[in-house]
Structures are given as structure tokens and as C-alpha cells.
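Asks: So that we are looking at the same thing, I have put the structure below in C-alpha cells.
Throughout, read-outs are computed from the coordinates displayed, never taken from laboratory work. The shown structure was predicted, so the numbers you read here are calculated from the model rather than taken from an experiment. Methodologically, a virtual Cβ is constructed for each residue, glycine included, from the backbone with ideal geometry; neighbour enumeration extends over all protein chains shown.
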Amino acid sequence: MQTKPTALKILDIVSVLLLAAATYLALFYAPEEAVMGQVQRVFYFHIGTAWVGLLGFLLAAIMGIVYLVTHDQKWDIVEMAAVEISLVFFLITIMLGSIWARPVWNTWWTWDPRLTTAAITELIYIAYFMLRAGIEDPDRRARFGAVYTLIGGVSAPITFMVIRLVRSIHPVIIAGNDPSSQGTFAMTGGMQVAFFFGLFAFTVIFIDLFWNRIRLGNLAAKVEQLKLNITN
Amino acid sequence: MFFLDTPPDTSSYMILGYAVFFIVTAIYLISFFVRSRNLKQDLSMLESMKPESKVMESKTPVNKVTASSTTKVNKAKAKQPAKTKTTKAKAPASKTKKKK
Amino acid sequence: MTSKTLITDNKVKNASFSKAIAAVVWKDLAAEFRSRELFSAMLVFSLLVILIFNFALELDIKTRQSVTAGVLWVTFAFAGTLGLNRSMAVEKDRGCLDGLLLAPVDRAAIYFGKAISNLVFMLIVEAIVLPVYSFLYAINLFQPGLLLVILLGSIGYVSVGTLLASMAVQTRTRDVLLPILLFPVVIPVLISAVKASGGYLTGGDFTTEILPWINVLLVYDLIFTAIAFMTFDYVVEE
């Protein structure tokens with residue numbers, strides 16, 4: 001338990017290499033976009049981090065159900081790892097989305113469905129951690145966390161669809177552009193390479209972080225168990 | 001429009017974006033290391049406490065001095081018969097725990 | 001076992017299930033009728049919120065039309081939080097919850113009982129707020145469509161709120177935690193309710209501007225009531 005498995009050590013190195021490669025492709029290999037200029041390159045990582053956030057989100061909701069069914073603490077640890085990673089990566093997604101919006105639409109924030117849902121999901125995650133922080137008993141904490149990830153997991157997609165419905169019924173014009181088009185641009189060959197490689201690299205990065213975070217969670221659970229034993 | 005021939009220079013935003021990505025990711029990774037180190041320190045401290053309390057229990061059941069015990073010596077002596085029973089009951093329980 | 005015995009068995013089970021729900025609802029309503037503390041708190045709070053909005057928003061006749069729906073639902077959301085918190089806190093503090101859990105009733109019955117009584121409180125408050133708002137701002141709020149939207153929205157709010165309040169009341173931070181847990185999750189209800197209410201108030205076209213939102217409310221109510229009563233067990237078990 002204490003020493004890192006070799007597979008994980010290798011995965012760590014592979015992840016770093018893939019990230020470096022993805023950065024190179026995004027910054028240098030992909031051609032410059034004609035309308036927006038260099039800021040468009042932010043898009044490759046914006047989508048990559050959104051993808052990681054989404055993976056974490058889905059896993060968390062599934063793990064919530066699995067924990068409620070099995071009552072096995074390891075699923076609770078997996079669930080918390082997924083939520084935490086998704087929290088960090090959605091945060092990056094939102095910040096990159098905002099940075100992209102500024103030169104393109106002359107605004108720091110667009111109330112478009114994807115960004116807004118990401119922000120609301122962040123609030124759900126923060127609420128999740130606040131809920132867990134207020135509970136001493138590990139079993140109850142796990143149960144409540146699982147129920148809340150389930151509720152949040154169902155609510156966020158509904159929120160996304162509802163906001164999109166708002167947009168389609170009442171298209172809002174912001175800074176002279178319709179943000180729902182998300183600044184579409186035609187992706188040429190070089191761009192597609194950077195884009196898809198980015199998705200691949202971020203998937204591997206997610207797995208690496210996930211594994212590491214689960215190990216950390218196991219360690220934390222062990223420490224907490226010992227503390228409870230000693231104080232009893 | 002001036003921008004028909006050359007795209008606008010938005011590279012400062014690009015740099016900002018990538019800086020944000022790497023800085024936040026770095027902070028997250030550092031938090032991993034910090035939390036991991038703290039937990040390992042806690043773990044080693046807790047594990048060094050465990051054998052101490054076990055040794056005390058198996059040696060002298062009368063003078064039960066564990067981390068949780070806060071009763072004064074007089075009270076402890078008065079409650080001896082009850083305490084001996086509980087310590088004896090606890091000792092095998094903690095032994096089976098360790099075996100796991 | 002003959003089929004007849006099975007049928008009567010089910011009838012007995014259903015009877016005791018609905019009896020349990022009725023008992024919980026009756027207990028809450030009777031207790032509240034005697035003390036009226038929950039109800040008066042929610043009511044006074046709502047009236048104060050409307051008053052504050054009056055000064056905060058400069059509700060001249062033109063803006064009133066577009067803003068009324070939002071003001072109403074913000075008021076209901078905050079007053080609703082108050083009601084949910086108090087309702088569950090009382091259970092915990094007086095140990096009623098433990099008593100209920102010991103009784104041989106299905107946990108889902110307890111959930112429905114609490115949810116229905118919470119809904120009744122919220123509806124009563126809304127029933128008073130509406131005429132007050134109509135009176136203060138000369139807007140006729142008594143359209144059947146609008147009342148339907150308020151009902152559906154309240155059901156959605158209370159179904160999730162009862163479950164989350166049961167959780168929040170068992171944590172260290174208690175009351176403070178409920179809005180934090182509830183609001184992000186209940187946003188689809190708020191958006192849809194405001195849009196539908198606004199549609200009715202501005203006389204918008206039914207099929208394009210109101211019906212989609214009512215559909216969302218119906219779907220949300222169904223899904224989350226189902227999730228809530230299925231997971232309530234996990235939230236109250238010891």
C-alpha cells in the first residue's frame with residue numbers, strides 16, 4: 001500500500017510526456033486560426049479539461065449508486081476522487097472558456113448552456129464537500145455523499161437542457177454575437193490532430209490522476225480508522 | 001475591417017490561458033504531495049502509538065493507562081474489579097484486530 | 001397461498017402505507033396549527049422579502065410585468081428553505097424522527113408524509129403572498145395557469161428539499177447547509193417556473209412559451225420524487 005506500484009509510476013511518466021506532446025501540438029503544430037488568432041489554441045485544452053471534468057462527473061454519479069447498493073467503503077473513496085478531479089478540471093474549463101470569450105466576444109462571461117452548467121456543477125461539488133465536512137461518522141458521510149452525487153448527477157444534465165431551451169426560445173444577443181455558436185470554426189487537418197490527440201492525452205491524464213487520488217483516499221481512510229480506534 | 005488579411009494578435013490571451021492551465025494543475029499536484037506526506041506522517045505517528053497502548057494493556061490490566069483514559073488514580077483504584085474485566089475483554093479484541 | 005390472500009395482503013399493505021402517510025401529515029399539520037410558529041415565520045419573511053424587492057428594484061409599471069415572476073419565485077424559494085429547515089429540525093430536536101423510525105412503517109411513507117406536510121405549508125404561504133402581491137402592485141395573479149405552475153414548482157422544490165433537509169439537519173452546520181445543497185440542484189425548477197409564470201403573466205402563446213416549461217416541471221417532479229423516496233431510507237437509517 002505504501003509503495004507506488006510500478007505500473008502507476010510508468011503511467012505518471014507517460015502522462016507527463018503526453019501532456020507535453022499535446023501542448024506542443026496545440027501551441028506549434030496546429031495552424032493559426034484565421035478569425036480569432038492565437039487565442040483559439042486555448043480551445044484544445046479547454047475541450048480536454050472539459051472532457052476530464054465530464055468523465056469525473058459521470059463516474060461520481062455511478063459510484064454513488066454503487067456505494068448505496070454495496071455499502072463498500074472503497075466505492076466511496078472512488079466517488080470522492082472522481083468529484084475532486086472533476087471539480088478542479090471544470091474550474092480550469094470555466095477559466096479557459098472565460099479567457100477565450102474575452103477577445104472573441106468582448107465579454108468575460110457568456111451565459112451559454114455549457115459554461116453555465118459547468119459553473120452550477122462546480123457549486124454542486126462545493127456543496128458536496130461542505131456536506132461531507134459536516135459529518136463525523138464515516139458511514140453516514142459516505143451515504144450522504146452518495147445520495148447527493150446521485151441527485152446532482154441527475155440534476156446537472158436537466159439544468160443543461162433547460163438552459164439550452166431558454167436559449168432556443170429566446171435567443172439572446174451578447175456583444176453582437178450569438179454565443180450558442182461557440183465561435184465555430186472549421187477545423188483543418190492540423191487542428192484535428194491537435195484536438196484528438198489532446199482528448200487522448202487528457203483521458204490518460206485523468207486515469208493517472210484518478211488512480212493516484214484513490215490511493216491517497218485509501219491512505220486517508222486508513223489514518224481516520226486508526227484515529228477512531230485510538231480515541232475509542 | 002483591418003483584420004481581413006492578418007488575424008488579430010490575441011497571443012497574450014493564449015499565454016494567459018495556458019498559464020492558467022499549468023498553474024492550477026501544478027497547484028493540484030502539489031496538494032497531492034502535501035496531503036500524501038501529511039497523511040504518511042500521521043500514519044507513522046498513529047502506528048507508533050498503537051503498540052504502546054497494547055503493551056500497557058497486556059502487561060498490567062490493573063493500572064490501565066491508555067490514551068483515552070482520563071480517570072484519576074484514586075478513581076481507577078476504586079473501579080478496579082470492573083476495569084479488569086473490561087481490559088481483559090478489550091485485549092483479545094485488539095489482538096484480533098491486529099491479526100486482520 | 002391463494003391469490004385471494006395475496007390480494008388482501010397487498011390491500012392491507014397499501015392501506016397501512018397510506019395510513020402512515022396520513023398520520024405523519026396529520027401530526028405535522030396539527031402541531032403547526034397549535035403553535036403556528038413555522039407558518040408565521042415563513043409568512044412574515046415572505047412579506048418582508050417582497051417589501052425589500054420593492055425598494056431594491058424600482059418596480060415601475062413597465063418593469064413589473066417582466067420581473068414579477070422572478071420576484072415571486074425568489075420569495076418562495078427563500079421562504080421554502082425556512083419551512084424545510086424548521087420542519088426537519090423540529091423532528092430531530094424533539095426526537096420525533098427516532099420515534100417515527102422505530103414504528104413499523106415503510107420509510108417511504110415517512111418521506112411522503114413529511115414532503116406533503118412541507119408542501120402544504122409552502123402552498124399556504126404562497127396562497128397568502130399572491131393576494132398581497134396582487135394588491136401592492138395591481139397585477140392580477142389569480143389565473144388558473146399560474147396557480148398550476150406554482151403548484152408544480154412547489155412540488156419539485158419540496159420533493160428534493162425534504163430529502164436534502166433530512167440530510168442537512170444531521171450535520172454540524174445544519175440550517176446553513178440546506179440552501180447550499182438545495183439551490184444548485186433545484187435550478188431547473190426555478191428557471192422553468194419563472195419562465196412559465198412569466199409566460200402566463202405577459203399573455204404569451206401557450207404552446208411555444210409555456211407548455212415546454214410545464215413539461216420540464218412535470219418531468220422534474222416525477223424524477224426527483226422517485227429518487228427522493230427511494231433514497232430516503234439511506235438518509236435516515238442509524
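Asks: Being surrounded by 21 or more Cβ atoms within 10 Å (Cβ to Cβ) and among the β-branched types (Val, Ile, Thr) narrows it down to one residue among C:176, C:158, C:219; which is it?
Replies: Only one candidate passes the filter, namely C:158.
Asks: Could you tell me whether the stretch A:39-62 includes any residue that is over 23 Å from the mean Cα position of the chain (by Cα) and surrounded by fewer than 22 Cβ atoms within 10 Å (Cβ to Cβ)?
Replies: no
Asks: With the condition being touching a residue at least 40 places away in the same chain (Cβ under 8 Å), in contact with a Ser or Thr (Cβ under 9 Å, 6 or more places away or on another chain) and over 19 Å from residue C:119 (Cβ atoms), I'd like the helices (runs of 4 or more DSSP H) fully within the stretch C:1-105 carrying at least 3 qualifying residues.
Replies: Correct list: C:61-93.
Asks: If you don't mind, there's one more thing I want to ask. Considering only residues of the stretch A:97-111 that are at the interface with another protein chain (Cβ under 7 Å from one of its Cβ atoms) and either under 13 Å from the mean Cα position of the chain (by Cα) or not hydrophobic (A, V, I, L, M, F, W, C) (or both), which is surrounded by the fewest Cβ atoms within 10 Å (Cβ to Cβ)?
Replies: A:102
Asks: Filter the stretch C:189-211 for residues that are at the interface with chain A (Cβ under 10 Å from one of its Cβ atoms) and within 19 Å of residue A:154 (Cα to Cα) and give the result.
Replies: C:189, C:190, C:191, C:192 - these are the residues of the stretch C:189-211 that are at the interface with chain A (Cβ under 10 Å from one of its Cβ atoms) and within 19 Å of residue A:154 (Cα to Cα).
Asks: Does residue C:185 count as more than 21 Å from residue C:68 (Cβ to Cβ) and surrounded by 15 or more Cβ atoms within 10 Å (Cβ to Cβ)?
Replies: Taking the combined requirement at face value, the residue satisfies it.
Asks: Collect the residues in the stretch C:26-77 that are surrounded by 13 or more Cβ atoms within 10 Å (Cβ to Cβ), over 17 Å from the mean Cα position of the chain (by Cα) and of a type in the set (Ser, Thr, Tyr), keeping them in residue-number order.
Replies: C:68 - this is the single residue of the stretch C:26-77 that is surrounded by 13 or more Cβ atoms within 10 Å (Cβ to Cβ), over 17 Å from the mean Cα position of the chain (by Cα) and of a type in the set (Ser, Thr, Tyr).
Asks: If you don't mind, there's one more thing I want to ask. In this structure, is residue C:146 free of Cβ contacts under 8 Å to residues at least 60 places away in the same chain, farther than 29 Å from residue A:141 by Cβ and touching a Leu at 6+ places or on another chain (Cβ under 8 Å)?
Replies: So residue C:146 fits the description; yes.
Asks: Continuing with this model, one more query. Residue C:150 - would you say it is surrounded by fewer than 21 Cβ atoms within 10 Å (Cβ to Cβ), closer than 25 Å to residue C:25 by Cα and more than 14 Å from chain A (Cβ to nearest Cβ)?
Replies: no
Asks: Also, I was wondering about something else. State yes or no: is residue C:35 more than 26 Å from residue C:171 (Cβ to Cβ) and among the small types (Gly, Ala, Ser)?
Replies: no
Asks: Then there is this: Give all pairs with beta carbons closer than 8 Å in which a residue from the stretch C:219-235 that is assigned to a helix (DSSP H, G or I) meets a residue that is among the basic types (Lys, Arg); count only pairs at least 6 apart in sequence or on separate chains.
Replies: Close Cβ pairs (under 8 Å, with a partner that is among the basic types (Lys, Arg)) amount to C:232/C:107; C:233/C:107; C:234/A:143; C:235/A:143.
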